[in-house]
Every structure is written in C-alpha cells, then in structure tokens.
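Only one structure is covered here, and it is reproduced in the block below.
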Amino acid sequence: MDEQELEYLDAFAGYLRTLASDVAEVAHVAPRSGNSEARATLLGSLNYLFRSIDLIPDGIDDLGFLDDAFVLRIASRRALIHDAKLGESNVGRFASEALLVDKFLGDLAYRFEHFLESKLAEHNVRGRTARALSEDSAASEEFVREVMAWTRTYTVPGFTRDPRNLIKLRSFLATRLPD
C-alpha cells in the first residue's frame, strides 16, 4: 500500500466515524445561513443523505455513506462561496477536506461537482427539495429534526484499510455519476 492510498483510507475511515456529528453540524448551521444559495446547498447535502439511505443496498453501506460524506464536503465548499461566515463553523473544515476528495476522485471530480451544482438543490427526496426547504422555515425545522433523529441511530459501517476498497469506491461513484 502506498502513502497516498494510506492517506485516503485513513481519512475516509474518519469520515465514516464522524459522519453523524458532521451531519449534525451542517444541520445546525444550514438553516441559519443568511444566504439562500448556501442554505439550499447545505440542506441539499442533507437531503442527499436521505436519498442515499433510501437507496443504499445491503452490503455497501460504507461506500454509500462515503458518497454522502463526499457530498457534505463538496457542498460545504460550494456553500462558502455564497456565505463566508459559514467558514467560522465546521463547514469551513469540511470545505477544506473537499480537496482530498477531489484528489481521490481525479477525473471524476468534475462530474461529481457538476452533478452537485446542477441537481443538489432540486433533488426531490421524500417529497421535498432543498430549495423548498431553504425557503420554508417550518419545513426546514422539521427536516432538521429528522436529520438529528437519524444521527442518533447511525452506526458506523465497517471499512477496512484495504486499497481494493478505494477501487470499489471509485467504481461505485463512476457508475452513479452522469457523464
């Protein structure tokens, strides 16, 4: 295993360990953003999580939840463009961690970013879009309660420090991202 693979495996295992608290942090700060684009982007990353929960087939929880952790980081970077104050929270840390995600994704990074830019705010998950959530404070509050309930039930999936998991993860993402 080379040094770069080890860095990815360590970081990604950490993303899985902290996913619930990372999600809780975004759920806490997202509705408070004064910028509607930043709010929609962060709420979209949380809405995407629920989409994943509904779609993750048994046996690949680690890959599905890593996808969510990546979305959270890239969405944080995108949200900072619209609301720099978010950098004072952990959203700033998540945004900086997006660089490692980009490095890992390589040629898939553009497809991932484009997917999030074009679809995240408008994805309809469980009858709601991030855009609608960002414009309706009552719906947003209810959604955040749902997110927080999920964080209390999240169980860290197994993720071994095996370079083959990196290959599986890239393949998983490559098949899910539009060209």
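Considering Leu72, Leu16, Leu49, the condition of being without any contact (Cβ under 8 Å) to a residue 60 or more places away in the chain, crowded, with 19+ Cβ neighbours inside 10 Å and among the aliphatic types (A, V, I, L, M) is satisfied by Leu72 alone.
With respect to the conditions (1) farther than 18 Å from Ser134 by Cα; (2) surrounded by 15 or more Cβ atoms within 10 Å (Cβ to Cβ); (3) at pLDDT 90 or above, Asp61 lacks only one, and its number is (3). Might you check whether a residue that is surrounded by fewer than 16 Cβ atoms within 10 Å (Cβ to Cβ), closer than 22 Å to Glu122 by Cβ and not acidic (Asp, Glu) occurs anywhere in the range 75-96? Scanning the range 75-96, I find at least one residue that is surrounded by fewer than 16 Cβ atoms within 10 Å (Cβ to Cβ), closer than 22 Å to Glu122 by Cβ and not acidic (Asp, Glu), so the answer is yes. Candidates are the residues of the range 1-58 that are outside any helix (DSSP H, G or I) and among the charged types (D, E, K, R); the one that is farthest from Phe159 (Cα to Cα) is Asp2.
Here are some residues: Phe94, Phe115, Phe159, Phe104. Which one is closer than 19 Å to Asp67 by Cβ and outside any helix (DSSP H, G or I)? Lay out the reasoning, then the answer.
Working: Phe94 fails: outside any helix (DSSP H, G or I); Phe115 fails: outside any helix (DSSP H, G or I); Phe104 fails: outside any helix (DSSP H, G or I).
Going through Phe94, Phe115, Phe159, Phe104 in turn, the sole match is Phe159.
Which members of the range 109-132 meet the condition of being farther than 16 Å from Ala75 by Cα and more than 15 Å from the chain's Cα centre (by Cα)?
Quick first cut of the range 109-132, residues farther than 16 Å from Ala75 by Cα only: 124-128, 132.
Asn124, Arg126, Gly127, Arg128, Ala132 - these are the residues of the range 109-132 that are farther than 16 Å from Ala75 by Cα and more than 15 Å from the chain's Cα centre (by Cα).
Among residues of the range 124-156 being β-branched (Val, Ile, Thr) and surrounded by 11 or more Cβ atoms within 10 Å (Cβ to Cβ), the one that is farthest from Phe65 (Cα to Cα) is Thr129. Set side by side, the residues Leu100, Leu177 differ, and just one is modelled with pLDDT of 85 or more, more than 20 Å from Arg32 (Cβ to Cβ) and out of contact with any Leu (no Cβ under 6 Å at 6 or more places or on another chain), which is Leu100.
For the range 162-179, residues that are of a type outside the set (D, E, K, R), part of a loop (DSSP other than H, G, I, E, B) and surrounded by 12 or more Cβ atoms within 10 Å (Cβ to Cβ) total 1.
The values are calculated or read from the model by the stated rules, or taken from the named source; none is laboratory data. Nothing here was measured: the structure is a model prediction, and the numbers come from that model. Virtual Cβ from ideal backbone geometry, glycine too; neighbours counted across all protein chains shown.
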